[in-house]
């Protein structure tokens, strides 16, 4: 078989053909990739997914993987360098995870190695097999420690290495171990065309289909809004509805307090995320429990990937930690000092808010879908008014929050009655409701309203107007693009 036989994944060989190829060269070296080849998953991703505490690991991975421009820094090998840095940082900061990995890895390997390829190579002497992987040797070795391949030679990544080594490909790694003649006569079995450099230099290049489904650590680690953006809705919804609308409303509503103590802006954001972590438990429960009791549930296909995900436990960890941080910032902003005697009473109050939010969504999810309409506004209010328990809003801020709740309630009523909510003028309804409520405030208080409060109210009106006309402008541009 020539290397041209494996130029495209659709020409990948089945396990029977792999066994035939191995029988043709009973004495030659056998090079085997590890992840998705011998091991039917990804060793690096499983190590990161099992690292604890989960909320710290998820935050670190968000910083390392989500914010660093690895493609620009490392070029084609960006994902290898990114994963190397991720494992090194997690292990250095939380070294106990390596001990836990050594304990759990053998059973993990056993659960991901029952595939046809292991049967095809079962009769090959481990002394002939060399495992070639960009995975960490400490992780791969632990996985193989109780397997038939524990005595195989391994060419893997050491814990401390030059990241530049990750860019050069596996051929350079193999040449340091095998003689030129041994390499030319060898068989290489891999699931990835990234190993083309080795496939092109061996007598028997074997490209197979991956032996397991793709797995990433983030699918087992919770981060606030991750479920909302990847399963419940989408990233655009998170950016527009949660940050540009709901968070902005909370910030605008508490603007008077923020003007007096600017550091409160960070407290508002952190408390908002803390509250949303608990709110997201309701989303998860709505998709995986409440939907089972509905005649026509609306659940995304992506939510199925989270069916066994321990979201509630991790979400509470995030909610509590973020809540404590938010209370600490709030105390520091108001008093100029971080006294725990002041933080803990505020934190106890915030925990009560989180529990109340959880109870509200719990009640909502257990009511028949046709009877949820009256509970819905309370659930919506919990997202906005929760922060107001610690950071008082202005009257105009309360009006804006109520306008948002009323708009969402009307939108939900249309949805539950079978109407077309896509044509519902959400931004317009919010604006009109806010103007009516603000007019009532002005009529009652009149000249007693301070200038600073009027200014913040006008800023809310401006934001509502921008939301109305920006959405109309975007709709016009979309129509023009399609015409």
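When segment 304-327 is examined, which residues are found to be modelled with pLDDT of 95 or more, more than 16 Å from residue 58 (Cβ to Cβ) and surrounded by fewer than 20 Cβ atoms within 10 Å (Cβ to Cβ)? Hit for segment 304-327 is 324, nothing else. Here 39, 34 are screened, and the one residue that is in contact with a strand residue (DSSP E or B) (Cβ under 7 Å, 6 or more places away or on another chain), at pLDDT 95 or above and under 24 Å from residue 125 (Cα atoms) is 34. Could you tell me which numbered condition residue 359 fails, if it satisfies all but one of (1) at pLDDT 95 or above; (2) within 17 Å of residue 283 (Cβ to Cβ); (3) crowded, with 17+ Cβ neighbours inside 10 Å? Result: residue 359 passes all but (3).
Residues are listed down the side, and each one gets a yes or a no for (1) under 31 Å from the mean Cα position of the chain (by Cα); (2) buried (at least 19 other Cβ atoms within 10 Å of the Cβ):
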{"site": "386", "(1), (2)": "yes, yes"}
{"site": "412", "(1), (2)": "yes, no"}
{"site": "416", "(1), (2)": "yes, no"}
{"site": "436", "(1), (2)": "no, no"}
{"site": "439", "(1), (2)": "no, no"}
{"site": "444", "(1), (2)": "no, no"}
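Let's see how each residue does on (1) farther than 22 Å from residue 117 by Cβ; (2) under 10 Å from the mean Cα position of the chain (by Cα); (3) surrounded by 18 or more Cβ atoms within 10 Å (Cβ to Cβ):
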residue: 191; (1), (2), (3): no, no, yes
residue: 196; (1), (2), (3): no, no, yes
residue: 199; (1), (2), (3): no, no, yes
residue: 204; (1), (2), (3): no, no, yes
residue: 211; (1), (2), (3): no, no, yes
residue: 214; (1), (2), (3): no, no, no
residue: 217; (1), (2), (3): yes, yes, yes
residue: 223; (1), (2), (3): yes, yes, yes
residue: 232; (1), (2), (3): yes, no, yes
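Give 378, 403, 399 a once-over and let me know the one that is in contact with a helix residue (DSSP H, G or I) (Cβ under 9 Å, 6 or more places away or on another chain), under 24 Å from residue 323 (Cα atoms) and assigned by TED's automatic domain parsing to the domain that holds residue 330. It would help to see each step written out before you state the result.
Numbers: 403 fails: under 24 Å from residue 323 (Cα atoms); 399 fails: under 24 Å from residue 323 (Cα atoms).
Checking each option against the conditions leaves just 378.
For segment 91-114, the tally of residues that are surrounded by fewer than 19 Cβ atoms within 10 Å (Cβ to Cβ), over 24 Å from the mean Cα position of the chain (by Cα) and either outside any helix (DSSP H, G or I) or touching a residue at least 60 places away in the same chain (Cβ under 8 Å) (or both) stands at 1.
Hey, does segment 115-127 have a residue that's closer than 24 Å to residue 186 by Cβ, part of a strand (DSSP E or B), assigned by TED's automatic domain parsing to the domain that holds residue 50 and in contact with a helix residue (DSSP H, G or I) (Cβ under 8 Å, 6 or more places away or on another chain)?
Restricting attention to segment 115-127, the residues satisfying the condition of being closer than 24 Å to residue 186 by Cβ are 115-127.
If we keep only those that are part of a strand (DSSP E or B) too, we end up with none.
Within segment 115-127 (the criterion being closer than 24 Å to residue 186 by Cβ, part of a strand (DSSP E or B), assigned by TED's automatic domain parsing to the domain that holds residue 50 and in contact with a helix residue (DSSP H, G or I) (Cβ under 8 Å, 6 or more places away or on another chain)), the answer is no, since none of the residues qualifies.
State whether one or more residues within segment 339-346 are within 18 Å of residue 365 (Cα to Cα) and in the same structural domain as residue 234 (by TED's automatic domain parsing). Looking through segment 339-346, none of the residues is within 18 Å of residue 365 (Cα to Cα) and in the same structural domain as residue 234 (by TED's automatic domain parsing).
The values are calculated or read from the model by the stated rules, or taken from the named source; none is laboratory data. Just so it is clear, the model here is predicted, and its values are computed rather than measured. As a convention, Cβ positions derive from the backbone with ideal geometry for all residues, glycine included, and neighbour counts pool all protein chains shown.
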